[in-house]
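The values are calculated or read from the model by the stated rules, or taken from the named source; none is laboratory data. Here the structure is a predicted model, which is why all the values come from computation and not from measurement. Don't worry about glycine lacking a Cβ; one is built from the backbone with ideal geometry, like all the others, and counts go over all protein chains shown.
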Amino acid sequence: MQPLLAIAWLTWKAAFRFRLFLVVAVLLLGSVVGLPLLIKDDGTARGFTQILLTYTLGTISALLGLSTLWLACGTLARDIEDCTVQVVATKPIARWQTWLGKWLGLLSLNAALLTLSGASVYGLLQWRATRLPADQQKILRNEVLVSRGSAKPPGFDKEIQQETDRLLRERLLKNPDIKADLAEARNQILEQVKADYQIVPPGYLHVWQINLGPAKPLARGQPLYLRAKFNAADKSTSGTFEGHWRVGVPRKTPLWHSEAMSLAPDTFHEFEIPPYYDENGLLTVTFGNVNNTALLFPLEDGLEVLYRQGGFGLNFVRGLGIIFCWMALLATLGLASASLLSFPVAAFLSLGVLTLALSSGTISNAVEEGTLMGFNSATSRMGHSPADLIAIPVFRAVLAVINLAKDFSPIDSLSTGRSVTWGELGRAFGQIVVLLAGGIGLIGILIFSRRELATAQAQ
């Protein structure tokens, strides 16, 4: 460990020599203090959280990410270009130790900066929370500064697929010509079947049964929160739709009825409900549609129940842990690029890869549509080209790699009071640090170990 620690210490000295550590620390503290001063919240718990958690943590992640890439590319590429690494190579230290020591130095720098900025955010959050009105403080403590788990109704995926296959077979018997475009016919039937599970017609009730499972002991004596979202078939003059909610089963559990709620479509609504579940932990939620138009609750995120799992402090630490995993990946990417390329080219390549990862939404759309051409409104069909045969499989593979790191959203979880579990943190470490950073790091170490350093100055 002594050679690794020596190289890590040299990385720290380089960060102070470049004034990077001090500059980034000032920028991070400035964003933590400055953003809440420059952007005023609306006095509500939600607005307060948006400024002090979402914006500040997002800014911290961006600043740390860019500075990590810059220093990772610079600390190795500069050492190669000015022949400093040749002096190190004459010492009894392997090249892989040099590479890994720099990586550990970058990680320790990120850990120090993330701890400093995270502690500042947490302290400012607790202090500013006392300045909110009493009712908003209650919302903040119950819905944001908390660690909440989620329980959802069953997805019915198996039933939907079976019903879709049955209807498709019946349609094929009646109309064999649809074999020419079987995939499109199946998608149409699938959407129709899914609609039966999602749509609440006017004047009808829709019932969800949510099994709290392991959350049953946690929910006892604690308020639950229902989070719902729906789409409307038509627009209303007021822009909202009325609905009645009921929790419980008559003659089996206590009952709770809500007042008539005016709800906006395409928006998440969250409100408190009592824990009226049965002895098996089954919570029954009923919605009554009193409007003149059908409402659709998506199967994916139409309804869920949130329950308290723990406090905010440890949840906040776990969220910072996932951000730290992202920084470890960026440090690996920068060092791997600098193992082969000069500093400007390595920085350009690293930023290009980061931009590609951030634009994964465009790649995802192309993969879902199966083409680069997009939708043709004149023919109402998807366009296809020969390039799709190569591009779409490549995009699918790239998207699978990107999603290993983007599957986690600690900032969103913290700002909505969701739990960042130890399991999620462990999965983030495995996918981001072990798989992605480990794979990229092995390639970087192999390139650096085989690179002829004596030619760097002449080039």
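Some notes on this structure:
- Residue satisfying all of: in the range 251-287; touching a residue at least 40 places away in the same chain (Cβ under 8 Å) and among the charged types (D, E, K, R); farthest from Ser236 (Cα to Cα) among these: Glu272
- Checking each residue in the range 57-83 for being among the β-branched types (Val, Ile, Thr) and closer than 14 Å to Ala25 by Cα picks out Thr59, Ile60, Thr68.
- One residue alone among Ser67, Ser61, Ser120, Ser150 is small (Gly, Ala, Ser), modelled with pLDDT of 85 or more, over 30 Å from Gly438 (Cα atoms) and surrounded by 17 or more Cβ atoms within 10 Å (Cβ to Cβ), and that residue is Ser120.
- With respect to being polar (S, T, N, Q), more than 14 Å from Val398 (Cα to Cα) and part of a helix (DSSP H, G or I), Ser337 fits the description.
- If you go through the range 123-147 and keep only what is over 26 Å from the mean Cα position of the chain (by Cα) and buried (at least 16 other Cβ atoms within 10 Å of the Cβ), you end up with Leu132, Gln136, Gln137.
Let's see how each residue does on (1) surrounded by 15 or more Cβ atoms within 10 Å (Cβ to Cβ); (2) among the aromatic types (Phe, Trp, Tyr); (3) outside the structural domain of Leu106 (by TED's automatic domain parsing); (4) part of a helix (DSSP H, G or I):
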site: Pro265; (1), (2), (3), (4): yes, no, yes, no
site: Thr284; (1), (2), (3), (4): yes, no, yes, no
site: Asn292; (1), (2), (3), (4): no, no, yes, no
site: Leu341; (1), (2), (3), (4): yes, no, no, no
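- Which listed residue is in contact (Cβ under 8 Å) with a residue 60 or more places away in the chain and either hydroxyl-bearing (Ser, Thr, Tyr) or within 27 Å of Ala62 (Cα to Cα) (or both), from Ala294, Ala336: Ala336
- Residue in the range 88-103 that is over 16 Å from Leu329 (Cα atoms) and small (Gly, Ala, Ser) present: yes
Condition check ((1) of a type in the set (Gly, Ala, Ser); (2) touching a residue at least 60 places away in the same chain (Cβ under 8 Å); (3) part of a helix (DSSP H, G or I)) across all residues:
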{"residue": "Ala6", "(1), (2), (3)": "yes, yes, yes"}
{"residue": "Trp9", "(1), (2), (3)": "no, yes, yes"}
{"residue": "Trp12", "(1), (2), (3)": "no, yes, yes"}
{"residue": "Gly30", "(1), (2), (3)": "yes, no, yes"}
{"residue": "Val33", "(1), (2), (3)": "no, yes, yes"}
{"residue": "Asp42", "(1), (2), (3)": "no, no, no"}
{"residue": "Ile51", "(1), (2), (3)": "no, no, yes"}
{"residue": "Gly65", "(1), (2), (3)": "yes, yes, yes"}
{"residue": "Leu69", "(1), (2), (3)": "no, yes, yes"}
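- The residue that is modelled with the lowest pLDDT, among those in the range 215-241 that are more than 29 Å from the chain's Cα centre (by Cα) and surrounded by 15 or more Cβ atoms within 10 Å (Cβ to Cβ), is Ser236.
- Flag if Val367 is surrounded by 12 or more Cβ atoms within 10 Å (Cβ to Cβ), touching a Lys or Arg at 6+ places or on another chain (Cβ under 8 Å) and either at pLDDT below 90 or outside the structural domain of Gly319 (by TED's automatic domain parsing) (or both): yes
- Residue list for the range 84-117, restricted to those being outside any helix (DSSP H, G or I), surrounded by 16 or more Cβ atoms within 10 Å (Cβ to Cβ) and of a type in the set (S, T, N, Q): none
- Members of the range 30-46 that are exposed (fewer than 15 other Cβ atoms within 10 Å of the Cβ) and either modelled with pLDDT under 85 or not assigned by TED's automatic domain parsing to the domain that holds Ala72 (or both): Val33, Gly34, Leu37, Leu38, Ile39, Lys40, Asp42, Gly43
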